[in-house]
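A.B. asks: I'd like to ask some things about the structure below.
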Amino acid sequence: MTGKLGREELERMIDRYMEAVVADDPSRLPWAEHVEYIENNQRIPIGEGAWATIDGIGAYKHYYADPERARVGFIGTARENGVPCLFNFFLELADGKIAKAETLVIRDPVGARRLDEQGTPDDVWLETVPAEERLSREELIGFPDRYFSSLEFNDGLGDYSFFHRDCDRYEHGKRTTNVTEEQSYGHSGDTSFTRMSCEQQWKTGFMGFVTGIRERHWVVVDEERQAVLAIAMFDHDGTVRSIQLTNGKTSYPSPYFDVGRTMHIMEGFKVKYGKLYRIEATMYEVPYGARSPLLAL
Amino acid sequence: MTTEESGRLRDGLDSVLRAMVAHDPLGLPLAEDARYTEIAQPLDIGDGLWGTLTRFAGDGGDPHPKLNPYRIDFIDEAAGQAIFFGATVENNTPGMLMLRVRYSGARIAEIEALAVREEIVGDHGGTVTMFQPRLLLPFEPGGFAAPDPALVAPSSRGDDEKVLVAVADAFFDAIERDDPDLVEFAQDCVVRHNGRLAAEDPDAPPLNPEVPAYRPFSLSVREQIATGFTRYTARVNHRRHVAVDPSRGLVLSVAVFDHPARVHEIEVPGFGTVPFPGYVAGQEELTIAALPGSRIYPNLQVPTSDLHAQLTRIEGGRIAYVEAISRGAPYGLPTGW
């Protein structure tokens, strides 16, 4: 039956899944005989982890549907012991039953509240693109793949024309491109970076502290909306002590990068006008070098 | 410990540490299928600490403002194994490292590293692990100035290896089952965790400010367990007692403490209901803002695991001293071994 479920049915499975987690009751769901179940980078028994603590569904719900592969993904919010958190996951169904489930519970209440206040994804994410105007799955995947390849060891010297000039990136709901107010970025005190467009940012070479983006899984390819939901492992191996920026200045990574750090990323990408148009990033830190437990995807 | 073989193992241990500092493992006598894990993750030899380790206790270098001399070695000729438990600096960040090196014949077959580093707070320069609940007792490098003589002095009690391992393991049982009667503690048993006193600390803060009188780290370890403090730890998983040294009554153990967050509060006789600390709904920003000045980060309401390396000193079958380092990790972490 793989590929037979439509967007509505797939999205309904997301809702059912959330309801079951909130109820702390996995028996409400149809599980395949063999299930790959992963939460925050670990294989744990179904019913442990978030099942114990998630007690409410949040306002922000962004679905990614891939009827071709009977997969559906979700970047959204929930309540954990009443506290906002990001609750992201994807499901793969086999004969209508859950065969793979990977969840990222990200305990960033500030980011979760920001998303809740936003309520719904930006309209651009939800646009249905006429079939004759759609890029192929492979072409869609090419955008996040180029994005990742140009981000690791970013030196500012690559071809970043795959970004649309109006492309924006949001990290846990926080806009980190083209902002007009003063805002620092990540672990740096730099306040000019977030004022730039995506392409301008990449051209600075500032992101050179990212030393690898491994195990890129295109877990959901939403052809209808021309979007891709990806899971990947971002490495910062701690060896980059200074970064020569293309403007001639030198950037020194913060003490955070004195040691190896890896982020388990779940990130959405929207393609429009033949370019990368929106990026929705979420992340959870895991021990350096942790591998994605996803099997043969 | 003066035989030629123990000297070879000790030199081999230092050669691995020096190779890490040199960022160059190529000169090491590695077995073809040598394994390396760091914080429970299988890594290529040459990755991780091999790129970041700058100094280690006993490296013979000049004094370094962030390098403590704390170092305890374990040499086990029968197992072909040498272990470093000591202070490090990675780039400019102090830490503690357990590094286990096991030989197979003349070749290094296994290297296991468990690193715990200082995390500092601050909006941008901060190194606090992103979105990971912090430990109750975050790493304090100043607590590792040197090993306490009470931990490493020669033992006259003569416990054999079997007894030492059984007692060290029983301590984990006591935590797992919340039953202090499963193990015996010496009077004045010292418990230190990440360089901080974790028992009988007169300055210990309350577990939860809502119940200011209940201060588990001010109690003896036995009393702590008896009051239910350890109920948030459901399992002490993946236990391995990787070194046993009867001459000092020491056991070095690696384990993962699993906290599934199914228990949210405890009833403590004399204190009433004590909620485990956690984010308070509607007050998240206040909770986060309170972090810099607080030893206790509210982390016991969500599923987590802690990866531990623990030294347990046992005298006459009783636990006399516990020196543990640990770091938080995603719930359900295995150790990689």
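A.B. asks: If you check A:GLU224 against the conditions, is it in contact (Cβ under 8 Å) with a residue 40 or more places away in the chain, within 14 Å of another protein chain (Cβ to nearest Cβ), closer than 30 Å to A:PRO67 by Cα and outside any helix (DSSP H, G or I)?
C.D. replies: no
For every residue, the table says whether it meets (1) of a type in the set (A, V, I, L, M, F, W, C); (2) under 22 Å from A:ARG7 (Cβ atoms).
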{"position": "A:PRO84", "(1), (2)": "no, no"}
{"position": "A:PHE87", "(1), (2)": "yes, yes"}
{"position": "A:PHE90", "(1), (2)": "yes, yes"}
{"position": "A:ALA94", "(1), (2)": "yes, yes"}
{"position": "A:LYS97", "(1), (2)": "no, yes"}
{"position": "A:ILE106", "(1), (2)": "yes, no"}
{"position": "A:ALA112", "(1), (2)": "yes, no"}
{"position": "A:THR120", "(1), (2)": "no, yes"}
{"position": "A:LEU126", "(1), (2)": "yes, yes"}
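A.B. asks: Look through B:VAL211, B:VAL221, B:VAL167 and report the one residue that is among the β-branched types (Val, Ile, Thr) and over 21 Å from B:GLU267 (Cα atoms).
C.D. replies: After ruling out the rest, the residue left standing is B:VAL167.
A.B. asks: Go through A:VAL259, A:VAL240 for me and flag whichever is within 8 Å of another protein chain (Cβ to nearest Cβ) and closer than 30 Å to B:THR54 by Cα.
C.D. replies: A:VAL259
A.B. asks: I've got another one for you. Just give me the residues in segment A:256-285 being over 15 Å from the mean Cα position of the chain (by Cα), touching a residue at least 40 places away in the same chain (Cβ under 8 Å) and over 16 Å from A:PHE163 (Cβ atoms), in sequence order.
C.D. replies: Listed by number, the residues that qualify are A:TYR256, A:PHE257.
A.B. asks: Inside segment A:187-205, can you point out the residues that are crowded, with 19+ Cβ neighbours inside 10 Å and within 14 Å of chain B (Cβ to nearest Cβ)?
C.D. replies: Those that are crowded, with 19+ Cβ neighbours inside 10 Å and within 14 Å of chain B (Cβ to nearest Cβ): A:HIS187, A:PHE193, A:THR194.
A.B. asks: State which residue is nearest to the chain's Cα centre (by Cα) when the search covers only segment B:299-317 and only residues that are within 19 Å of B:LYS162 (Cβ to Cβ) and in a strand (DSSP E or B).
C.D. replies: B:GLN310
A.B. asks: Let me ask something else about it. Restricting the search to segment B:221-232, which residues are hydroxyl-bearing (Ser, Thr, Tyr) and surrounded by fewer than 22 Cβ atoms within 10 Å (Cβ to Cβ)?
C.D. replies: Correct list: empty.
A.B. asks: It is to be established whether one or more residues within segment A:265-272 are farther than 19 Å from A:LEU126 by Cβ and in contact with a Phe, Trp or Tyr (Cβ under 8 Å, 6 or more places away or on another chain).
C.D. replies: yes
A.B. asks: Here are some residues: A:LEU135, A:LEU115. Which one is surrounded by fewer than 21 Cβ atoms within 10 Å (Cβ to Cβ) and not in a strand (DSSP E or B)?
C.D. replies: A:LEU135
A.B. asks: So, one more: Quick check on my filter: what residues within segment A:241-275 are more than 26 Å from A:ASN40 (Cβ to Cβ) and aliphatic (A, V, I, L, M)?
C.D. replies: Within segment A:241-275, A:ILE243, A:LEU245, A:VAL271 qualify.
A.B. asks: Also: Filter segment B:209-220 for residues that are in contact with an Asp or Glu (Cβ under 9 Å, 6 or more places away or on another chain) and surrounded by fewer than 21 Cβ atoms within 10 Å (Cβ to Cβ); which is farthest from B:LEU250 (Cα to Cα)?
C.D. replies: B:ARG215
A.B. asks: Same structure, new question: Of all residues in segment A:263-289, count the ones that are within 14 Å of another protein chain (Cβ to nearest Cβ) and assigned to a loop (DSSP other than H, G, I, E, B).
C.D. replies: Of the residues in segment A:263-289, 3 are within 14 Å of another protein chain (Cβ to nearest Cβ) and assigned to a loop (DSSP other than H, G, I, E, B).
A.B. asks: Here's another thing I want to ask about it. Would you confirm, using the coordinates I've provided, whether A:THR177 is touching a strand residue (DSSP E or B) at 6+ places or on another chain (Cβ under 6 Å), part of a loop (DSSP other than H, G, I, E, B), in contact (Cβ under 8 Å) with a residue 24 or more places away in the chain and not small (Gly, Ala, Ser)?
C.D. replies: Yes; evaluated as a whole, the condition is true for this residue.
A.B. asks: Sticking with this one: Filter the strands (runs of 3 or more DSSP E) completely within segment B:185-273 down to those with at least 2 residues that are closer than 29 Å to B:ALA79 by Cβ.
C.D. replies: Strands (runs of 3 or more DSSP E) meeting the threshold: B:185-193, B:235-245, B:250-259.
A.B. asks: Another question, if that's okay. Filter segment B:11-40 for residues that are charged (D, E, K, R) and more than 14 Å from chain A (Cβ to nearest Cβ); which is surrounded by the most Cβ atoms within 10 Å (Cβ to Cβ)?
C.D. replies: Going through the qualifying residues, I end up with B:ASP14.
A.B. asks: Considering (1) surrounded by fewer than 18 Cβ atoms within 10 Å (Cβ to Cβ); (2) in contact (Cβ under 8 Å) with a residue 12 or more places away in the chain, say which one B:GLY61 fails and leave the rest.
C.D. replies: (2)
The rows are residues; the columns are (1) at pLDDT 95 or above; (2) hydrophobic (A, V, I, L, M, F, W, C); (3) farther than 15 Å from A:PRO253 by Cα.
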residue: A:SER149; (1), (2), (3): yes, no, yes
residue: A:ARG165; (1), (2), (3): yes, no, yes
residue: A:SER184; (1), (2), (3): no, no, no
residue: A:THR191; (1), (2), (3): no, no, no
residue: A:THR194; (1), (2), (3): no, no, yes
residue: A:GLN201; (1), (2), (3): yes, no, yes
residue: A:PHE206; (1), (2), (3): no, yes, no
residue: A:GLU215; (1), (2), (3): yes, no, yes
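A.B. asks: Let me ask something additional. As an exercise: evaluate A:TRP51 against (1) over 23 Å from A:GLU280 (Cβ atoms); (2) of a type in the set (A, V, I, L, M, F, W, C); (3) surrounded by fewer than 17 Cβ atoms within 10 Å (Cβ to Cβ); (4) at pLDDT 95 or above and give the number of the one condition it does not meet.
C.D. replies: The number of the failed condition is (3).
A.B. asks: Considering only segment A:1-109, give the strands (runs of 3 or more DSSP E) lying wholly within it that have at least 2 residues that are hydroxyl-bearing (Ser, Thr, Tyr), away from chain B (no Cβ under 13 Å) and in contact with a helix residue (DSSP H, G or I) (Cβ under 6 Å, 6 or more places away or on another chain).
C.D. replies: A:54-66
A.B. asks: Hey, another quick one. Can you name every residue in segment B:82-93 that is out of contact with any His (no Cβ under 9 Å at 6 or more places or on another chain) and surrounded by 21 or more Cβ atoms within 10 Å (Cβ to Cβ)?
C.D. replies: Matches in segment B:82-93: B:ALA82, B:ILE83, B:PHE84, B:PHE85, B:GLY86, B:ALA87, B:THR88, B:GLU90, B:THR93.
A.B. asks: In segment B:179-196, which residue that is at pLDDT 95 or above and surrounded by fewer than 18 Cβ atoms within 10 Å (Cβ to Cβ) is nearest to B:THR233 (Cα to Cα)?
C.D. replies: The qualifying residue nearest to B:THR233 (Cα to Cα) is B:ASP179.
A.B. asks: Got at least one residue in segment A:233-253 being assigned to a strand (DSSP E or B) and under 12 Å from the mean Cα position of the chain (by Cα)?
C.D. replies: Yes, because at least one residue in segment A:233-253 is assigned to a strand (DSSP E or B) and under 12 Å from the mean Cα position of the chain (by Cα).
A.B. asks: Is there a residue being at pLDDT below 95 and closer than 17 Å to A:MET266 by Cβ anywhere in segment A:63-70?
C.D. replies: No, there is no match, as no residue in segment A:63-70 is at pLDDT below 95 and closer than 17 Å to A:MET266 by Cβ.
A.B. asks: Another question about this same structure. Residue pairs, Cβ under 9 Å, 6 or more apart or interchain, first in segment B:318-334 and farther than 24 Å from B:ARG71 by Cα and facing chain A (nearest Cβ under 7 Å), second in a strand (DSSP E or B) and of a type in the set (Gly, Ala, Ser). List them.
C.D. replies: B:ALA329/B:SER305; B:PRO330/B:SER305; B:TYR331/B:SER305; B:GLY332/B:SER305; B:LEU333/B:SER305
A.B. asks: Looking only at residues that are of a type in the set (Asp, Glu) and more than 30 Å from A:ASP237 (Cβ to Cβ) in segment A:119-153, which one is nearest to the chain's Cα centre (by Cα)?
C.D. replies: A:ASP122
The values are calculated or read from the model by the stated rules, or taken from the named source; none is laboratory data. Here the structure is a predicted model, which means the values were calculated and not measured. Positions of Cβ are backbone-derived with ideal geometry, glycine not excepted, and every protein chain shown enters the neighbour counts.
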